[in-house]
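The values are calculated or read from the model by the stated rules, or taken from the named source; none is laboratory data. Keep in mind the model is a prediction, meaning the values are calculated, not measured. For neighbour counting, all protein chains shown are included, and Cβ atoms are generated from backbone atoms with ideal geometry for every residue, glycine included.
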Amino acid sequence: MSHKRIPKRKAAIAVGGVAALGAAALLLPNANASQDGNNAAAAAPRTLKASDASDLASQLEKLLGDAFAGSYYDDGQKQLVVNVVDVSGDDNNVVVQAKKAGAQVRQVENSPAELKAASQTLKAKATIPGTSWAVDPKTNKILVTADSTVTGGKWDRLESTVNSLGANMATIKKSAGTFKPFVSGGDAIFGGGARCSLGFNVTAGDGSPAFLTAGHCGVAAEQWSDSENGQPIGTVDQAVFPGEGDFALVKYDDAATQAPSEVNVGQQKVAITEAAEATVGTEVFRMGSTTGLSNGQVLGLDATVNYPEGTVTGLIQTNVCAEPGDSGGSLFTQDGQAIGLTSGGSGDCTVGGETFFQPVTTALEATGATLGAGGAGGGAGAGQEAGGQGDGAGAGDQGAGQEAGAGQDAGAGQEAGGEQAGQGNGAGAGEEAGAGQEAGGEQAGQGAGDKNAGQEAGGQDNGAGAGDQGAGQEAGAGAENGQNDQNGGDGQNDKH
């Protein structure tokens with residue numbers, strides 16, 4: 001097992017080399033359109049999906065150069081907001097070009113260099129366990145957070161350092177909880193007495209099947225199982241924690257393991273089509289072995305978190321809740337972009353709190369892995385959701401990114417929504433349903449009928465040993481978790 005320190009990745013990585021098909025690439029050429037008054041309509045901010053806004057932001061960062069001061073996604077207006085500084089001498093009129101590309105442009109006071117310098121001051125003077133800071137482009141300031149352990153002289157030191165940065169450089173707030181990695185004992189992957197969550201299945205640099213999880217899980221145990229006290233299924237190949245990230249690459253011990261890039265959200269699997277950088281303001285979903293599916297927004301980027309175990313840099317800050325055992329779990333968007341791996345934070349899913357995530361793009365670059373199926377049999381291709389779990393009677397849930405059963409071959413763009421439980425079911429034998437469908441009942445046993453994309457699968461069809469798959473679950477891209485209790489024949493896993 002190796003421990004590496006790797007610089008942060010600056011660009012998204014597409015699955016298997018397939019680029020994201022977003023509108024942003026089509027929008028940017030409009031920046032070269034006529035800039036006369038008759039083209040005023042072209043300068044109005046465009047309505048964009050979050051993924052397209054992220055692509056456009058990356059392109060505008062290059063276009064604006066030193067004038068670029070961050071960006072965020074306005075989820076209410078469905079628009080990209082781009083911050084600029086010092087544009088008074090803009091001979092190339094890049095701001096006008098940015099507007100014509102479809103962004104809303106606003107001038108701000110603090111440049112990226114000034115915010116970076118302020119972060120360095122915090123690092124030098126206020127690296128206190130229980131503190132964190134991240135750049136917030138919405139306020140054009142650094143968001144500094146202190147947990148409940150930062151009191152007395154430690155609080156005074158932090159507050160004094162923040163005040164020394166200037167009135168318009170940083171804000172500070174208290175968190176009711178305690179910053180800690182979310183590792184504990186549960187149902188997804190187990191090692192060394194700890195429980196974590198599988199993040200995303202990937203293909204390692206040598207072509208073998210593997211998965212990503214949190215680095216603090218990778219340094220806690222070298223071998224991991226998919227059931228408590230079960231036989232190991234994977235061995236840690238690389239792990240980083242603390243330091244410049246919190247991620248680990250675990251290779252499956254069986255080279256024939258099928259490892260499709262998908263996230264199991266209960267009764268539906270969301271296909272993961274690419275890894276992408278986080279954008280502040282974007283709605284994101286987190287899947288973990290303790291609390292199941294939760295959603296929220298990205299609040300800050302390039303976050304530094306001072307855990308009791310040490311400082312971790314380069315994280316994503318969100319308001320998505322998480323609890324012990326969720327560590328390593330997947331953070332993704334409704335259209336199948338892999339964004340992060342659960343690191344830690346404060347609070348829980350009752351009172352809320354702050355949660356930090358390792359960017360997937362950084363982890364992929366550091367480990368040399370790619371999103372996509374590894375091992376014999378392959379998995380779902382780009383844009384697919386691979387359909388159904390091949391469980392034998394009493395077989396346990398494999399967690400986020402679980403294996404598909406033998407012989408599955410989901411068609412391009414297809415999503416197979418149902419989970420199949422029962423003796424010897426192969427994946428693909430059951431229901432196929434489209435993105436956004438409601439999977440209200442359980443598909444268990446063999447031979448459930450095909451459903452076309454977008455259909456509602458409402459019935460309950462139980463086979464031998466099949467458990468109750470949950471009530472009220474909305475499955476599909478952007479799903480919201482209702483009740484997600486898995487009992488009965490599954491015999492291992494309760495997700496609450």
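Exactly one residue out of 282, 311 is among the polar types (S, T, N, Q), touching a residue at least 60 places away in the same chain (Cβ under 8 Å) and crowded, with 21+ Cβ neighbours inside 10 Å: that is 282. Within segment 170-182, the presence of at least one residue that is at pLDDT below 90, over 19 Å from residue 140 (Cα atoms) and surrounded by fewer than 14 Cβ atoms within 10 Å (Cβ to Cβ) is confirmed.
Residue-by-condition table, conditions (1) surrounded by fewer than 12 Cβ atoms within 10 Å (Cβ to Cβ); (2) of a type in the set (Val, Ile, Thr); (3) modelled with pLDDT of 90 or more; (4) closer than 16 Å to residue 94 by Cα:
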{"site": "30", "(1), (2), (3), (4)": "no, no, no, yes"}
{"site": "33", "(1), (2), (3), (4)": "no, no, no, yes"}
{"site": "38", "(1), (2), (3), (4)": "yes, no, no, no"}
{"site": "41", "(1), (2), (3), (4)": "yes, no, no, no"}
{"site": "46", "(1), (2), (3), (4)": "no, no, yes, no"}
{"site": "51", "(1), (2), (3), (4)": "no, no, no, no"}
{"site": "56", "(1), (2), (3), (4)": "no, no, yes, yes"}
{"site": "61", "(1), (2), (3), (4)": "no, no, yes, yes"}
{"site": "71", "(1), (2), (3), (4)": "no, no, yes, yes"}
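Assessment of segment 359-366 against the conditions (farther than 20 Å from residue 119 by Cβ, under 14 Å from the mean Cα position of the chain (by Cα) and surrounded by 24 or more Cβ atoms within 10 Å (Cβ to Cβ)) yields at least one matching residue. Condition check: in a loop (DSSP other than H, G, I, E, B), in contact (Cβ under 8 Å) with a residue 24 or more places away in the chain and out of contact with any helix residue (DSSP H, G or I) (no Cβ under 6 Å at 6 or more places or on another chain). Does residue 317 satisfy that? Considered against the rule, which asks whether it is in a loop (DSSP other than H, G, I, E, B), in contact (Cβ under 8 Å) with a residue 24 or more places away in the chain and out of contact with any helix residue (DSSP H, G or I) (no Cβ under 6 Å at 6 or more places or on another chain), residue 317 comes out as no. Only one entry of 162, 135 meets the criterion of being touching a Lys or Arg at 6+ places or on another chain (Cβ under 9 Å), of a type in the set (A, V, I, L, M, F, W, C) and crowded, with 19+ Cβ neighbours inside 10 Å, and that entry is 135.
Of the residues making up segment 321-348, those that are in contact with a Cys (Cβ under 8 Å, 6 or more places away or on another chain) and within 22 Å of residue 144 (Cα to Cα) number 5. The criterion of at least 2 residues that are among the β-branched types (Val, Ile, Thr) is met, among helices (runs of 4 or more DSSP H) falling completely within segment 88-203, by 94-100, 152-164.
Tell me whether segment 304-319 contains one or more residues that are in contact with a Cys (Cβ under 8 Å, 6 or more places away or on another chain) and over 25 Å from residue 250 (Cα atoms). No: zero hits. Residue 260 meets all of the listed conditions (1) buried (at least 24 other Cβ atoms within 10 Å of the Cβ); (2) under 16 Å from the mean Cα position of the chain (by Cα) but one, namely (2).
Residue 133 meets all of the listed conditions (1) within 30 Å of residue 270 (Cα to Cα); (2) within 20 Å of the chain's Cα centre (by Cα) but one, namely (1). When 170, 204 are checked against the criterion of being in the same structural domain as residue 143 (by TED's automatic domain parsing), touching a residue at least 12 places away in the same chain (Cβ under 8 Å) and small (Gly, Ala, Ser), a single residue qualifies: 170. Residues in segment 329-378 that are at pLDDT below 95 and among the acidic types (Asp, Glu): 335, 348, 354. The set of residues in segment 202-246 that are hydrophobic (A, V, I, L, M, F, W, C), over 13 Å from residue 367 (Cβ atoms) and touching a helix residue (DSSP H, G or I) at 6+ places or on another chain (Cβ under 9 Å) comprises 224, 241.
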